[in-house]
Amino acid sequence: MRIGVFLFGGVEMTDAGPGGTEPTERRYEQAAFDHAQHELLACGEFAEKLGYDSFWLTEHHFQHEGYEVVPNGLLFGAFLAARTSRIRIGTMFNVVGQWHPLRLAEDFAVLHNLSGGRGILGVGRGTVPREMLPLTAGAVSVGSYDNPSAAAADARNRAITEESLDILHLALTRERFRYAGEHFQLPPPGIPDRGGQTRELTLVPRPRHPYETWQAVTSPPTLRAVPTRGLGGVFWLKEKRRLAADWDAFADTFAAAHGRTLARGERRMLVLNVAVDDTRAAAMATVRPGHDEFWRFLAPYGWGRGYLGPDGRPASGTFVPTLEDSMAQGPWAVGTAHDVAAHIAELDDLLGLTDLVIFPGMPGDPYPRVRAQLERFAREVVPLLPTHVPGPASVPGPATVPVP
C-alpha cells in the first residue's frame, strides 16, 4: 500500500462551519492566498520527511472564497520538486477541458523530467462551470450525466476530454504523431514551414521516465471509460458498499477491455478524509467545523450523490451529510489512531488497497493543524497498518487503447 497526501491548499478561516460567512460572500486579500501557497509548499516538504509516497495538489481558478487557491498544479509542483528529492507529485486533477492537450503534455513532461521522474499525471473533467467557461472562451463547460438540463454540456465535455486523452497519449509516447478528430486536428492542415507544410508534430520534451496516469471516477460513464482506456481510477466520497460495487465494476471492465484480470486493488486509488486525536470525541469536535465547511462548499455541486440518503437509497444531488453520516458510510475516518487504522483495515478487507491517499486538512483549517495531522497519521496510524510497505505498488502507465 502506497500512502499519499492530498490537500486543497485553501486559506485559513476563523469562522469555518455552518455559522460562518456564506461561501459566496467569502473574500480574502492577496496576502491570505500567498500565505496559503507558502504553507502548502511547507506541507509538501514535511510530507516527504514523514515518509509519504506522494503529494497531490489541485487545479482551480477564480475562487475568491479561498477554498482552493492553486490554479496550476504542474507549476506549483515544480516548486515543490525543487525543494524535495523523493516524494512523487500529482494533481487531483488537471482539468483536461481547460487545457490545450499539447500544452498539458509539454508542461507535465518538463515537471516529470526535471524532477527525476516524480510527476504523476492526474486528469479529470472538472466540476465548476465558473472555472471552465471563462478559460475556454465559453466553448466548454461541465454538466452531469443525470441532469437533462446539462446533458449537452456533459456530452461535449466528455467528447473533448476523450479526444484530449488520445492526444496526450500520442504526444507523450510517440516521436512523431498527428491526430484527426471531431474537435482537434493536429497539426491543422496547410501550415507553411520552410518551403513545405507541417504534416506531423513532435513533443519536446517527452517523458524520459515511466509515468502513471490517474483519472477521477465519479459517474457511471467515467467508470466505464477509465478502465477501458487503461488508466488508474481515483475514488472518493462514496458510501462503502457503493464504492465496493464500483471498485469491482472497474476491474470487470478492465478485464473485458484488456484481456487480463487486475490484481486485488490494482489500478484503483482511494482518497480518504481523516482526523486523528487522543479520543474519538476530541477528533469529532475538532474536525466537525471543517467537515461542515467542506459540504457548504461542495454540496451545491452535487457531491453528496455518492452517499446514501436517510431512506437508505442513493442520495440526491441536494444531500448534505452530517459528520456522523460521513463516518458511518465510510468517506471519513475519524477518531484515535486505532479507530482510524481499524477504519482503513475495514476498507482494505472490502476493497484491497494498494494506493491510499489521505485528505487530512479540511477547508479553513490552520496549517499547524494540517501538519499535526500529517505527523500523527504517519507516526501513529501507519505503524498499525500491516499492509503498508514503502516503494511502488501498482503502476498504471500510458493509455494502451488504439487511437486515431
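The values are calculated or read from the model by the stated rules, or taken from the named source; none is laboratory data. All values reported here derive from a predicted model rather than from experimental measurement. We place every Cβ from the backbone using ideal geometry, glycine too, and count neighbours over all the protein chains shown. Areas reflect the complete protein model, heavy atoms only, side chains present, ligands, DNA and RNA absent. Shrake-Rupley method; radii C 1.70, N 1.55, O 1.52, S 1.80 Å.
Of note:
- For segment 34-100, the dipole from Cβ point charges (+1 on Lys and Arg, -1 on Asp and Glu) about the Cα centre works out to 300 debye, to the nearest 20.
- When +1 charges are put on Lys and Arg Cβ atoms and -1 charges on Asp and Glu Cβ atoms, the dipole computed for the chain relative to its Cα centre reaches about 1240 debye.
- Integer Hz, Karplus 6.51/-1.76/1.60 couplings in order for segment 223-240, x for Gly and Pro: 4, 7, 6, 5, x, 4, 6, x, 8, x, x, 10, 10, 7, 6, 10, 3, 4
- Computed over the chain, relative contact order equals 21 percent, with contacts defined as Cα pairs under 8 Å that lie 6+ residues apart.
- If R0 equals 45 Å, the separation of the Cβ atoms of residue 379 and residue 133 corresponds to a calculated FRET efficiency of about 0.50.
- Linear extension gain, residue 279 paired with residue 316, 0.36 nm per residue minus alpha-carbon span: 10.0 nm
- With a cut-off of 13 Å between beta carbons, the residues surrounding residue 368 carry a summed charge of -1, where Lys and Arg count +1 and Asp and Glu -1.
- By DSSP, the beta bridges lying fully in the chain are antiparallel in about 15 percent of cases.
- Here is the list for segment 21-85: chymotrypsin sites (Phe, Trp or Tyr not before Pro) lying in DSSP coil, each with at most 12 other C-beta atoms within 10 angstrom of its C-beta, are 62.
- Taking amide H as placed 1.01 Å from N in the peptide plane, residue 89 has its amide H under 5 Å from the amide H of 55, 119, 120, each at least 5 places away in sequence or on another chain.
- Of 366, 314, 386, the one that fluctuates the most in a GNM where the chain has Cα springs shorter than 10 Å: 386
- Inter-label distance, residue 199 to residue 25: 6.4 nm, where each label sits 7 Å from its Cα along the C-beta direction.
- Heavy-atom surface of the chain, accessible at 1.4 Å and reported per residue (Å²): 42 Å²
- Summed residue charge, Cβ within 11 Å of residue 68's Cβ, Lys/Arg positive, Asp/Glu negative: -3
- Residue 346 accessible area, 1.4 Å probe, all protein chains in place, Å² to nearest 10: 80 Å²
- Accessible carbon and sulfur surface of segment 224-341 relative to its total accessible area, %, 1.4 Å: 54 percent
- In Hz, Karplus ³J(HN,Hα) per residue of segment 6-15 (6.51, -1.76, 1.60; θ = phi - 60°; x = Gly, Pro): 10, 10, 5, x, x, 7, 6, 10, 8, 10
- Whole-number percent relative contact order across segment 167-228, with pairs defined as alpha carbons under 8 Å at least 6 apart: 28 percent
- Considering only alpha-carbon pairs that sit under 8 angstrom and 6 or more positions apart, the relative contact order computed for segment 199-318 is 20 percent.
- Result for the chain in a Gaussian network model with C-alpha springs under 10 Å: among 129, 310, 192, the largest mean-square fluctuation is at 192.
- Theoretical gain in end-to-end length, residue 15 to residue 32 [0.36 nm per residue, Cα-Cα removed]: 4.7 nm
- Remark on residue 7: its backbone amide H falls under 5 Å from those of 56, a criterion applied only to residues 5 or more positions apart or on other chains, H modelled at 1.01 Å from N.
- Per residue of the chain, the DSSP helices (runs of n ≥ 4 H) give a summed -39500 (n - 2.57) that works out to -12500 deg cm²/dmol at 222 nm.
- Extending 7 Å from Cα along the Cβ direction at residue 159 and again at residue 263 yields two label points whose distance is 4.0 nm.
- Summed side-chain charge close to residue 262 - residues other than residue 262 whose Cβ falls under 13 Å, Lys, Arg +1, Asp, Glu -1: 0
- With Cα atoms defining each centre, segment 170-246 and segment 41-77 are spaced 23 Å apart in the structure.
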